[in-house]
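Each remark here refers to the structure printed beneath this line.
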Amino acid sequence: MTSPRKLSPQEEARLAQVRQQFQQRKAISDQLGRIKNRIGVYSGKGGVGKTTVAVNLAVMLAQEGANVAIFDCDIDCPNVTRVLRISEGPKQDDEGRFHPSSRFGVKVMSMSFFQEKEDEAIIWRGPMIHNAINQFLQMTEWGDLDYMIADLPPGTSDAPLTVMQTLNLDGFVVVSTPQELSALDAKRSINMIKKMNLNVLGIVENMSGGIFGKGAAEDLADELDLPFLGNVSLREEFLNSKQPAVLESDAVADEFSHIAAGVRREISALT
Ligand SMILES: Nc1ncnc2c1ncn2[C@@H]1O[C@H](COP(=O)(O)OP(=O)(O)O)[C@@H](O)[C@H]1O
Ligand SMILES: [Mg+2]
């Protein structure tokens, strides 16, 4: 029997790289394995209320007793910390691992903690986003979670695609508004999720009522044969309260408790 051939420096380097990638993937899957359900909140359009829905849904699930974290993946416009009014970033332990702080019973991780100034523009390309999210996933001690709610970037470009692939999400809550144009965007978003062979848990109509009307998202859900998860009415509480609106108003809490029930039902139907 001959002894194994000595590796060339190139082969050594390649081997080290493969080993490192393997360790990275292992670290990520160990972390993600402790999270029972990973849910993305998404729409192709900005400003429809993704962050609002993600935050209030997370707080509602936590109120109901679940262990919940919110992961702000909107790399270009990380807004979760603004809505939650949290300025305290994660604590780093001796090994450099991040321990997210909690707010209103929800653990919070956001790209904005690593931004120098709040209004700084962040322009990242796909591979960088992929790396940043991988780093986050590797370095963050989420603990055991029932739900991770990911607030996704808008659009159908590189950024949301990369996040969807990297996070290996179980399903999506698609947010739309009563306007027809928004429903059209929601339809595009749903097509994109389906093309990636991922699950749509259902559609939420945000900003229902008042001048915008009501019902376009429910019609869309019917048309696409998807669950309609509920309406979130257009309300002042979302604009100027000191805490997430679910904690501020019983009417908002009712709407989100209905949505949370739908999310729980649809996610358990997947498994
Ligand atoms: N149901 C609602 N009623 C009133 N204002 C809302 C409602 N939902 C969202 N908003 C407001 O609309 C703006 C955009 O919402 P946001 O959640 O940041 O959207 P996105 O994350 O999709 O860009 C915010 O100022 C938010 O406070
Ligand atoms: Mg947002």
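Computed from the coordinates by the stated procedures, all read-outs in this text should not be read as laboratory data. This one's a predicted model, so the numbers in the text were calculated from it and none came from an experiment. So basically every Cβ, Gly included, is an ideal-geometry build from the backbone, and we count neighbours across all protein chains shown.
Data overview
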{"quantity": "Nearest 10 degrees, 0 to 90: helix 180-195 Cα axis against the chain principal axis", "calculated": "30 degrees"}
{"quantity": "Antiparallel DSSP beta bridges within the chain, percent to nearest 5", "calculated": "15 percent"}
{"quantity": "Of GLN179, GLN21, GLN243, the one that fluctuates the most in a GNM where the chain has Cα springs shorter than 10 Å", "calculated": "GLN21"}
{"quantity": "In segment 204-271, trypsin sites (Lys or Arg not before Pro) in a DSSP loop with at most 11 other beta-carbon atoms within 10 Å", "calculated": "LYS242"}
{"quantity": "Between segment 233-271 and segment 195-221, the Cα center-to-center distance that results, in Å", "calculated": "14 Å"}
{"quantity": "Over the chain, relative contact order from alpha-carbon pairs under 8 Å, at least 6 apart, %", "calculated": "23 percent"}
